[in-house]
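The values are calculated or read from the model by the stated rules, or taken from the named source; none is laboratory data. None of the values given here were measured: they were computed from a predicted structure. Don't worry about glycine lacking a Cβ; one is built from the backbone with ideal geometry, like all the others, and counts go over all protein chains shown.
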Amino acid sequence: MQNIVIRIIDIILSMLGLIFLSPIMAIIFLIGLLDTGSPLFIQTRLGKNQRGFKLVKFRSMKVGTTQKATHLAKTSEITKLGKFLRASKLDELPQLWNVVVGDMSLVGPRPGLPVQSQLRQEREKREIFNSRPGITGLGQINEIDMSTPRKLSRYDRLMIKNMSICLYFNLIVATISGKGRGDRLKL
């Protein structure tokens, strides 16, 4: 029952976010269009049951940059707009669409890349793929990223095991209030 309630809340909050944040998203899109000519970044990530899906973000890296885990990126690959988007977490806004269509939740383990084999193995051991991935989670607000797959997977498991409506909202509020930096890329 709790999963159904969280899914309904996901849809409502994401749709409200898309509606009310659409002016900001339109401005970022236009600036991104001028900055790189390609304001959206779409990448295959692993979702629930290890099913691949197309994650959508605002582009923060230069066009043509090799697709890799963020913690492996070089600062020279980040655009000026991208530095701002990452620092403010605004690059994540298009993922609200991923939540609406059911690929993601607002709260859950961050979806990894199919090539991140160590992360994939750690998550398989802890049954993380039984859950829908999220825009934010316990690892993110504690500044744990995919560069430490075992630690991240442990935090993901802890979050999933203890998930409640209260924890769900606490993680959203912590994220919006600026707790956690997400990836470890120095901007």
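Numbers below:
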item: Matching option when the condition is closer than 17 Å to residue 7 by Cβ and not small (Gly, Ala, Ser), among 160, 141, 128, 176; result: 160
item: Any hit, region 97-120, residues being part of a loop (DSSP other than H, G, I, E, B), among the acidic types (Asp, Glu) and either out of contact with any strand residue (DSSP E or B) (no Cβ under 7 Å at 6 or more places or on another chain) or on the phi > 0 side of the Ramachandran plot (or both); result: no
item: Close pairs (7 angstrom Cβ cut-off, 6 or more residues apart or separate chains): at pLDDT below 75 in region 69-82, of a type in the set (Ser, Thr, Tyr) anywhere; result: 71/147
item: Lone unmet requirement of (1) in contact with a Ser or Thr (Cβ under 7 Å, 6 or more places away or on another chain); (2) farther than 16 Å from residue 94 by Cβ; (3) in contact (Cβ under 8 Å) with a residue 60 or more places away in the chain; (4) of a type outside the set (Gly, Ala, Ser) for residue 10; result: (2)
item: Contacts under 9 angstrom Cβ, first residue in region 140-151 being in contact (Cβ under 8 Å) with a residue 12 or more places away in the chain and outside any helix (DSSP H, G or I), partner buried (at least 21 other Cβ atoms within 10 Å of the Cβ) and basic (Lys, Arg), 6 or more apart; result: 145/110; 146/110
item: Qualifying residue in region 34-50 (condition: within 23 Å of residue 172 (Cα to Cα), in contact with a helix residue (DSSP H, G or I) (Cβ under 6 Å, 6 or more places away or on another chain) and surrounded by 14 or more Cβ atoms within 10 Å (Cβ to Cβ)); result: no
item: Per-region count, region 152-164, residues free of Cβ contacts under 8 Å to residues at least 12 places away in the same chain and in a helix (DSSP H, G or I); result: 1
item: Candidate set from region 107-134 (those that are within 26 Å of residue 79 (Cα to Cα) and either in contact with a Gly (Cβ under 8 Å, 6 or more places away or on another chain) or of a type in the set (Gly, Ala, Ser) (or both)); member that is surrounded by the fewest Cβ atoms within 10 Å (Cβ to Cβ); result: 114
item: Evaluation of residue 5 against (1) modelled with pLDDT of 95 or more; (2) surrounded by fewer than 14 Cβ atoms within 10 Å (Cβ to Cβ); (3) more than 18 Å from residue 135 (Cα to Cα); (4) of a type in the set (A, V, I, L, M, F, W, C) (one fails), failing number; result: (3)
item: Near pairs, Cβ below 7 angstrom, 6+ apart or cross-chain, from region 112-139 (closer than 12 Å to residue 47 by Cα) to any residue that is of a type in the set (Gly, Ala, Ser) and assigned to a helix (DSSP H, G or I); result: 123/153; 128/153
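Table: residues versus (1) touching a helix residue (DSSP H, G or I) at 6+ places or on another chain (Cβ under 6 Å); (2) closer than 20 Å to residue 175 by Cα.
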{"residue": "14", "(1), (2)": "yes, yes"}
{"residue": "25", "(1), (2)": "no, yes"}
{"residue": "59", "(1), (2)": "yes, no"}
{"residue": "81", "(1), (2)": "yes, no"}
{"residue": "85", "(1), (2)": "yes, yes"}
{"residue": "99", "(1), (2)": "yes, yes"}
{"residue": "115", "(1), (2)": "no, no"}
